[in-house]
1. Please report, ordered by residue number, the strands (runs of 3 or more DSSP E) entirely within the stretch 1-74 with at least 1 residues that are open to solvent by 70 Å² or more (accessible area, probe 1.4 Å) and under 21 Å from Ile92 (Cα atoms).
2. Counting just the residues of the stretch 108-146 that are among the acidic types (Asp, Glu) and at pLDDT below 90, which one comes out nearest to Thr41 (Cα to Cα)?
3. Can you tell me which of (1) closer than 22 Å to Gly155 by Cα; (2) at pLDDT below 90; (3) touching a Gly at 6+ places or on another chain (Cβ under 7 Å) is the one Asn71 doesn't meet?
4. Which numbered condition trips up Ala153, out of (1) of a type in the set (Gly, Ala, Ser); (2) loosely packed, with under 12 Cβ neighbours inside 10 Å; (3) at pLDDT 85 or above?
5. Of all residues being over 22 Å from Leu173 (Cα atoms) and open to solvent by 30 Å² or more (accessible area, probe 1.4 Å) in the stretch 75-89, which is farthest from the chain's Cα centre (by Cα)? Just the residue, please.
6. Among the numbered criteria (1) at pLDDT 90 or above; (2) touching a Leu at 6+ places or on another chain (Cβ under 9 Å), which single criterion is violated by Ala1?
Amino acid sequence: AGEGEVSVVEQIVGFKKIKFHTHENVGYGELLLPPLQMHTTAFWLTVPEAAVRALPAPRPAVIDALRGLANALHTVSCVGLMVDPHDLGTTIGDRHDPEGPPAKDGAEAPGFDPTIFLYDHVPGGVGLAPRLFEERERIVQRARRLVESCPCAEGCPGCIGPAAMLVSTRKQLAIELAGVL
């Protein structure tokens, strides 16, 4: 676990057109917009590569479950801090430097230690990351409880969020990852 200053770069690469009321997909397009860069503060949790390999699932399924756990951490963090969900950003990264924050590049490099980080979605930060760092154990426990207590069988938007992959073990893997943390 760690906490500190980070640089967040967001890139919008496309859009999707949908009909009102039916949500029918009627097209999509690419956008060429400049990246948005913001210096802020973040809190992060790193799962060691050895723990990822020890789980009984392929690596992409574990990373997808990690995204689900990140969604649960985001939910309980927003409730615990009593902030709007848009005030706190979340993503998955990697730690190249043991003393530094995680980075987005090198996702498939050997020795990839997947890292969830929650960051203040305000330039410079407003103090959310240090508070999350102080409460990190409770936040992970609450996220695990949220996922375990959800009545769904395989995960849903109420606990681990929309699935990026169709993996029936996503919810169980997210619970195991919370146990590792």
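The values are calculated or read from the model by the stated rules, or taken from the named source; none is laboratory data. Model, not experiment: these values are computed from the prediction. A quick note on method: Cβ atoms are made from the backbone with ideal geometry, for glycine too, and the neighbour counts reach across all protein chains shown. The protein model used for the area step is the full one, side chains on, heavy atoms only, and it has no ligands, DNA or RNA in it. Shrake-Rupley method; radii C 1.70, N 1.55, O 1.52, S 1.80 Å.
1. 2-10, 36-46
2. Here is the first cut: in the stretch 108-146, the residues among the acidic types (Asp, Glu) are 108, 113, 120, 134-135, 137.
From the residues that got through so far, the ones that are at pLDDT below 90 too are 108, 113.
Numbers: Glu108: 25, Asp113: 20 Å.
Out of the qualifying residues, it is Asp113.
3. Of the numbered conditions (1) closer than 22 Å to Gly155 by Cα; (2) at pLDDT below 90; (3) touching a Gly at 6+ places or on another chain (Cβ under 7 Å), the odd one out for Asn71 is (2).
4. So Ala153 meets the others, but not (3).
5. Of the stretch 75-89, the ones over 22 Å from Leu173 (Cα atoms) are 78-89.
From what's left, open to solvent by 30 Å² or more (accessible area, probe 1.4 Å): 79-80, 82-87.
Working: Val79: 16, Gly80: 17, Met82: 19, Val83: 17, Asp84: 16, Pro85: 13, His86: 14, Asp87: 14 Å.
Going through the qualifying residues, I end up with Met82.
6. Going through (1) at pLDDT 90 or above; (2) touching a Leu at 6+ places or on another chain (Cβ under 9 Å) one by one, Ala1 breaks only (1).
Yes/no per residue for (1) among the polar types (S, T, N, Q); (2) modelled with pLDDT under 85; (3) in contact with a Phe, Trp or Tyr (Cβ under 8 Å, 6 or more places away or on another chain); (4) under 13 Å from Phe117 (Cα atoms):
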residue	(1), (2), (3), (4)
Ala42	no, no, yes, yes
Met82	no, no, no, no
Thr91	yes, no, yes, yes
Asp94	no, yes, yes, yes
Gly100	no, yes, no, yes
